[in-house]
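Here is the structure we will look at, set down as structure tokens.
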Amino acid sequence: MPDHHPVTAAQAFDLPGELVYALPYGSGHINDTYALEVDVSGKIVRYILQRINQNVFKAPDALMENVERVCHHTQQKLATQGRPDAFRRALRLIPTRRGRNWLTDAKGQCWRCYNFIENATGHDVVSSVRQAHAAARAFGAFQAMLADLPGVRLNETIPNFHHTPTRFANFKEALKKDTQGRAKYAESEISFALEHEHLASLITGALERQEIPERVTHNDTKLNNVLIDDASQEGLCVIDLDTVMPGSVLYDFGDLVRTSTSPAAEDETDLDKVCMQLPMFAALVEGYLSSAKVFLSPREVALLPQAGQVITYEIGLRFLTDWLEGDVYFKYKRPNHNLDRARTQFKLVDSITAQLPAMRQTVTQLS
Ligand code: ADP
Ligand code: GN1
Ligand code: MG
């Protein structure tokens, strides 16, 4: 953890009692996340405090303007649906004592505080078809809620975030520079990345040719970015709103395939465990279409099978690039962690590629 002090930041927020603890929390790769424990008349109430990673998000105010709008809109939607548990189904920003929705501290660090969604879990690895179905349904419902977001186009919090050809170009640049002298240790991963360049423009090309529309999308739909209700196993609340911005639904569906069809963790080192499981894919398609079919175009549906292949390749490229550049972007816990992650992604790309005909058949049957 960096030296930024969460307690000082927490005290700037309008919490309803005494702060007891601020503990590092979760397994996100980007922000610093803390669970706050607040004593409210003898009862402990938890909150989530986050310091935005400004190495990754260069314009935190523009990011928070998006988050503010998205939270407001989703809460309003849920309120009009009259759901009794609406407060568990969308994030709510806790204001600062000065009435702002985020804090910029004396060092220029940006912090925000959310309600803590209790009795729900963000899973790092999928454990059942039911879970896959629930996650996909929740992300589809999230996209549906944002389809009529009023106002101007959302800010792009990371330019070219899912422009896979740009990710490929960045990889080539990192390879050329090889600042850490690491390229010689990853020959087969580098070959894989170079040989699969044709995948990069599949979705961006369709967007550019206007075969598929730009929509408001989440852009970071990995399984642990939706909290699943521990009791009902329903996909309850979509979190990690930093990259909600204009994009393609295919990257959202694809990242579900990347993170919810393999029984192995994203950083599994035993590659024999990494594979795309067709029953999980079918559950994702069913769950996603149950909430998103109303607005998806036929072309978007037709491209669902390949979406996972493209984004898994893209995230593999990003892990490999970061490793070549000396691990400057993703948080890591061991040497070569990003290389391990890249390997796992590329193994999964192969597994998806081998099963594309069956995946296409599944989508045809279920749509
Ligand atoms: P990162 O961008 O670093 O991935 P996230 O916003 O995904 O950060 O948060 C990290 C983790 O914190 C999540 O995976 C989840 O476990 C937990 N978390 C985030 N927001 C909440 C919340 N409002 N309620 C409960 N847990 C949360
Ligand atoms: C990061 O923030 P987190 O851990 O949910 C990353 C995603 C990657 C993912 C890989 C802003 O997601 O793009 O797909 O790691 N987020 C950002 O696990 O770069
Ligand atoms: Mg996250």
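The values are calculated or read from the model by the stated rules, or taken from the named source; none is laboratory data. All values derive from a computational prediction rather than experimental measurement. As a convention, Cβ positions derive from the backbone with ideal geometry for all residues, glycine included, and neighbour counts pool all protein chains shown. Please note that ligands, DNA and RNA were not included when accessible areas were found on the heavy atoms of the full protein model with its side chains. Shrake-Rupley method; radii C 1.70, N 1.55, O 1.52, S 1.80 Å.
Are any of the residues in the range 184-200 at pLDDT 95 or above, open to solvent by 50 Å² or more (accessible area, probe 1.4 Å) and touching a strand residue (DSSP E or B) at 6+ places or on another chain (Cβ under 7 Å)? Looking for residues that are at pLDDT 95 or above, open to solvent by 50 Å² or more (accessible area, probe 1.4 Å) and touching a strand residue (DSSP E or B) at 6+ places or on another chain (Cβ under 7 Å), one finds none in the range 184-200, hence no.
Could you list, in sequence order, all residues of the range 51-103 that are under 14 Å from C113 (Cα atoms) and of a type in the set (V, I, T)? Residues satisfying the conditions are I52, V67, I94, T96. In this structure, D252 does not qualify as within 16 Å of ligand 3 (Cβ to nearest atom) and assigned to a loop (DSSP other than H, G, I, E, B).
Quick check on my filter: what residues within the range 10-42 are out of contact with any Ser or Thr (no Cβ under 6 Å at 6 or more places or on another chain), among the hydroxyl-bearing types (S, T, Y) and within 16 Å of ligand 2 (Cβ to nearest atom)?
Just the residues of the range 10-42 that are out of contact with any Ser or Thr (no Cβ under 6 Å at 6 or more places or on another chain), to begin with: 10-11, 14-24, 27-42.
Those still in the list that are among the hydroxyl-bearing types (S, T, Y) too: 21, 27, 33-34, 41.
Matches in the range 10-42: S27, T33, Y34.
Name the residue that is surrounded by the most Cβ atoms within 10 Å (Cβ to Cβ), counting only residues in the range 26-63 that are in contact with a Leu (Cβ under 9 Å, 6 or more places away or on another chain) and not hydrophobic (A, V, I, L, M, F, W, C). So, considering only residues that are in contact with a Leu (Cβ under 9 Å, 6 or more places away or on another chain) and not hydrophobic (A, V, I, L, M, F, W, C), the one surrounded by the most Cβ atoms within 10 Å (Cβ to Cβ) is Y34. On inspection, P305 fails the criterion of being more than 18 Å from A138 (Cβ to Cβ) and surrounded by fewer than 15 Cβ atoms within 10 Å (Cβ to Cβ). Within the range 239-293, being open to solvent by 10 Å² or more (accessible area, probe 1.4 Å), under 16 Å from L356 (Cβ atoms) and within 16 Å of ligand 2 (Cβ to nearest atom) holds for one residue alone: R258. Right, V226: within 14 Å of ligand 1 (Cβ to nearest atom), closer than 26 Å to K331 by Cβ, open to solvent by 10 Å² or more (accessible area, probe 1.4 Å) and in contact with a Phe, Trp or Tyr (Cβ under 8 Å, 6 or more places away or on another chain) or not? The answer is no for V226. On the stretch given as the range 307-350, residues that are part of a loop (DSSP other than H, G, I, E, B) and among the charged types (D, E, K, R) total 5.
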